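Accompanying notes for the structure given below.
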Amino acid sequence: MARVETTKARRLAVITGASSGIGYELARQFAQHDFDLLVVAEDAGIVQAAERLEALGVRVESMQVDLAEFEGVEKLYERIQYAGRPVDAIAINAGVGVGGDFARETDLKAELNLISLNITSSVHLAKRVIKDMVARGEGRVLFTSSIAAAMPGPFEAVYSASKAFLLSFSESIRNELKDTGVTVTALMPGPTETNFFHRAGMDDTRVGQQEKDSPELVAKQGFEALMAGADKVVAGSLKNKAFVAAASVLPLTTTAELHRALSEPGSGRH
């Protein structure tokens, strides 16, 4: 009986893309701050991730589901409703990248899948969960965007556009919700030490080979910004903040060239 009462007293956080990288570290932040967790990912690694998180002394449930599919998001929302507990915080973090020349190299299906996961599923899940938060008069929402949102992204054209969408979407609904008790925060990391660049086919790029921020640091800064109710946080190194500040004043043609120098295939070999 005591265990049930303790669990009920805890807040509940939902984290997508939580099997590794920033998502896993966000889940760890929530667990360390006494949230119970529902962690979600497409891959089977989410089960092992949940076991490691449970060792932190909170209740953890895991769900393996493809959020790039409409039914995947609906199944997740059904799971949330089945839990019978309000979602106090949600980190909409699941995403994927595709690197390469848009017209001559990249795969259309991969890019459409990117749009389905990074954009469509984020809107879909937010629509379901935020309505409930508004009805309750409280809740916290974190979208994982990127410093890539601040500029054009040659050789990551669809990915960068998806992150720009998430930043704009986050700021827009934050304004709509300003009197509801629900806060919305955008997390904007720079290059982070995860499997992202390998999965995106960007191992031979300059950005793929350069030193990167730790996902632990990025997640800690994201969690703190979320709990503070901030609109956004440029996470990681000071270099990321300088990059975003420069992007706000330089012409888009210039920032596109800056991004190209980092992301062009083969640039890491020079």
Original post:
Applying the selection to the stretch 179-198, what residues are over 21 Å from Ala230 (Cα atoms) and buried (at least 20 other Cβ atoms within 10 Å of the Cβ)?
Top reply: Pro191, Thr192, Thr194, Phe196, Phe197
**OP:** Determine which member of the set Glu176, Glu224 is open to solvent by 20 Å² or more (accessible area, probe 1.4 Å), modelled with pLDDT of 95 or more, under 30 Å from Ala31 (Cβ atoms) and of a type in the set (Asp, Glu).
**Re:** Glu224
Subject >> Among (1) of a type in the set (Gly, Ala, Ser); (2) over 15 Å from the mean Cα position of the chain (by Cα); (3) on the phi > 0 side of the Ramachandran plot; (4) surrounded by 18 or more Cβ atoms within 10 Å (Cβ to Cβ) - the single one Ser263 does not satisfy >> reply: (3)
Original post:
Taking the stated definitions as given, is Arg136 open to solvent by 30 Å² or more (accessible area, probe 1.4 Å), closer than 25 Å to Leu262 by Cβ and of a type in the set (D, E, K, R)?
Top reply: no
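Collect the residues in the stretch 156-187 that are of a type in the set (Val, Ile, Thr) and assigned to a strand (DSSP E or B), keeping them in residue-number order. Spell out the reasoning first.
Of all residues in the stretch 156-187, those of a type in the set (Val, Ile, Thr) come to 158, 173, 180, 182-185.
Within the stretch 156-187, Val182, Thr183, Val184, Thr185 meet the criteria.
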Original post:
Among the numbered criteria (1) touching a residue at least 12 places away in the same chain (Cβ under 8 Å); (2) over 28 Å from Ile80 (Cα atoms), which single criterion is violated by Ala161?
Top reply: (1)
**OP:** Output the residues belonging to the stretch 211-221 that are more than 18 Å from Ala150 (Cβ to Cβ), open to solvent by 20 Å² or more (accessible area, probe 1.4 Å) and not charged (D, E, K, R).
**Re:** Ser214, Leu217
Subject >> Scan of the stretch 197-247 for residues that are among the polar types (S, T, N, Q), under 15 Å from Ala186 (Cβ atoms) and either free of Cβ contacts under 8 Å to residues at least 12 places away in the same chain or in contact with a helix residue (DSSP H, G or I) (Cβ under 8 Å, 6 or more places away or on another chain) (or both), ordered by number >> reply: Asn240
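Yes/no per residue for (1) hydroxyl-bearing (Ser, Thr, Tyr); (2) part of a helix (DSSP H, G or I); (3) farther than 29 Å from Ala228 by Cβ:
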residue	(1), (2), (3)
Val40	no, no, no
Leu56	no, no, no
Ala68	no, no, yes
Gly72	no, yes, yes
Arg85	no, no, no
Ala94	no, no, no
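How many of the residues in the stretch 31-46 are open to solvent by 20 Å² or more (accessible area, probe 1.4 Å) and within 18 Å of Ala13 (Cβ to Cβ)?
The initial filter retains those residues of the stretch 31-46 that are open to solvent by 20 Å² or more (accessible area, probe 1.4 Å), namely 32-34, 42-45.
If we keep only those that are within 18 Å of Ala13 (Cβ to Cβ) as well, we get 32-34.
So the count comes out to 3.
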Subject >> Single unsatisfied condition, Gly84 versus (1) at pLDDT 95 or above; (2) more than 13 Å from Ala18 (Cβ to Cβ); (3) of a type outside the set (Asp, Glu) >> reply: (1)
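Identify, from the list Ile15, Ile46, Ile80, the residue that is without any contact (Cβ under 8 Å) to a residue 40 or more places away in the chain and either under 25 Å from Leu217 (Cβ atoms) or out of contact with any helix residue (DSSP H, G or I) (no Cβ under 6 Å at 6 or more places or on another chain) (or both).
When all the criteria are applied, what remains is Ile46.
Test Ala256 against the stated conditions and say whether it is surrounded by 20 or more Cβ atoms within 10 Å (Cβ to Cβ) and not polar (S, T, N, Q). Don't jump to the end; show me each part of the working.
On the way: surrounded by 20 or more Cβ atoms within 10 Å (Cβ to Cβ): no; not polar (S, T, N, Q): yes.
Against the criterion (surrounded by 20 or more Cβ atoms within 10 Å (Cβ to Cβ) and not polar (S, T, N, Q)), Ala256 does not qualify.
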Original post:
Which one of Arg104, Arg85, Arg128 is open to solvent by 20 Å² or more (accessible area, probe 1.4 Å) and in contact with a strand residue (DSSP E or B) (Cβ under 7 Å, 6 or more places away or on another chain)?
Top reply: Arg85
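The values are calculated or read from the model by the stated rules, or taken from the named source; none is laboratory data. Keep in mind that what you see is a predicted model, and the values were worked out from it rather than measured. Ideal geometry is used to build each Cβ from the backbone, glycine not excepted, and the neighbour counts take in all protein chains shown. Surface areas here come from the heavy atoms of the whole protein model, side chains and all, with no ligands, DNA or RNA. Shrake-Rupley method; radii C 1.70, N 1.55, O 1.52, S 1.80 Å.
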